[in-house]
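S.K.: One structure follows; several queries about it will come next.
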Amino acid sequence: MSAYLVWFLLFILYLIVIPIGISPFEAPKVIIAEAVIDLLIIIRLIHFKKIPFKHLFTSQTLLLSIILLLSLDQVLLFHPHDSFFGNPFRLQGLFLFLHLAVFSFISKDILLSHIPKALYYLSFIFLFLATVILGVNPNYRAFGTLGEPNALAATTLFLLPFVFFRGNNITKIASFASALLIIILSGSRAGLVGLSIESLFLALIYFKITCFKSVSISSVFILLSLILPLIEGGGWFENRSQIWQTALQAGLQSPILGNGFGNIQNPIHQNSLKLDNQIQYQVVDSSHNFVLDLWIQSGIVGIISIITLICLSFHGLIKQRRKLELTAFLGIITAMLFNPVSVVNLVAFWWLIGQGFTD
């Protein structure tokens, strides 16, 4: 049962849309994700087996403990407004963060290997059909069941490898072409960059380059892609350079421990006033870069902890030669470096982190 619950979170959650309330696309997904994770925790407790102490005291548990203690301590210190549940549009506050961190830990030992291959194909087909059927927003960008074009592109980047690696040559070509079409319809430049990174990694693997070298080369290109918003200014990447500059300045207010998890919008707004840039006239609840979001919320302590967690996870996936997960991880991280993402993408991100620590 646990395996199917995890599969649901990764491959079905994105389809849920409940047309009630202030956010019919995102809020229901967050609430259901939290409920399913709670159910996984209950199942884990019911089937609890005594674990040797040495298996509990690992780098993953140590880093997750630091992050969790930091997040709880910040609530006591800063009492940021709406930080516990987050703003009503996205509900990505401390409560969701705690769920995702626990999910990363408990899902690492839940195997999906017995899930029928056809279910992965169905999930990807539903993604494509929803994108085509639901049409475009006023900016002529497809949004699918995610409600937001960039979140749709990020979801595509995650799902693609699960179909690509399980299919024959015809399936590989069809899935890649479908993913490219979805991302083009979404109008997501970050999605195109992410798909290019995944393609680069797959090409390197095809030419027998080792996983370590392939990940290293792909990571260099991810870092180089961060120059694009700075070059474009207020062009294609919609003022990313201004948002990043404002976020960087906002983090300097509390550089060690940050301003508190779930507390992004107010620090960005206050610093946009100081910098007197265009961001002050917009509602911005994300820095459009997950590292800068960490910088604002958790300071250098949080950044070091989570970046170390990501690096160790990559090391584990490389050691296990899990090319599918490495491809998805590179794509998701690229998307998260340019845009705020859906809870669907956050679930995938934290699941991938946990996979690097499987025995």
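Any read-out appearing in this document is the output of simple, stated calculations on the displayed coordinates, not a laboratory observation. Quick caveat, the model's predicted, so the values are computed rather than measured. In this analysis, Cβ positions are derived from the backbone assuming ideal geometry, glycine residues included, and neighbour counts consider all displayed protein chains.
S.K.: Cross-link list 172/323; 29/108; 117/213: which exceed 18 angstrom alpha carbon to alpha carbon? All intermediate terms of the calculation are to be shown ahead of the outcome.
M.R.: Details: 172/323 15 Å; 29/108 22 Å; 117/213 29 Å.
Going by Cα-Cα distance, 29/108; 117/213 fall outside the 18 Å limit.
S.K.: Determine the distance separating the Cα centre of the range 279-340 from the Cα centre of the range 94-149; give it in Å without decimals.
M.R.: 18
S.K.: What residues have an amide H closer than 5 Å to that of residue 142, excluding those fewer than 5 places away on the same chain, when H is modeled at 1.01 Å from N in the peptide plane?
M.R.: It is 137, 186, 187, by chain and number.
S.K.: Where Lys and Arg each count +1 and Asp and Glu each count -1, what net charge lies around residue 250 among other residues with Cβ under 14 Å from its Cβ?
M.R.: On the way: positive: 274; negative: 285, 293.
Its environment carries a net charge of -1.
S.K.: On to the next question. Taking a ≥ b ≥ c as the square roots of the eigenvalues of the Cα gyration tensor of the chain, is the shape rounded (a/c under 1.5), prolate (a/b larger than b/c) or oblate? Spell out each step's value before the answer.
M.R.: Numbers: a/c = 1.34, a/b = 1.10, b/c = 1.23.
It is rounded, given that a/c, with a ≥ b ≥ c, falls under 1.5.
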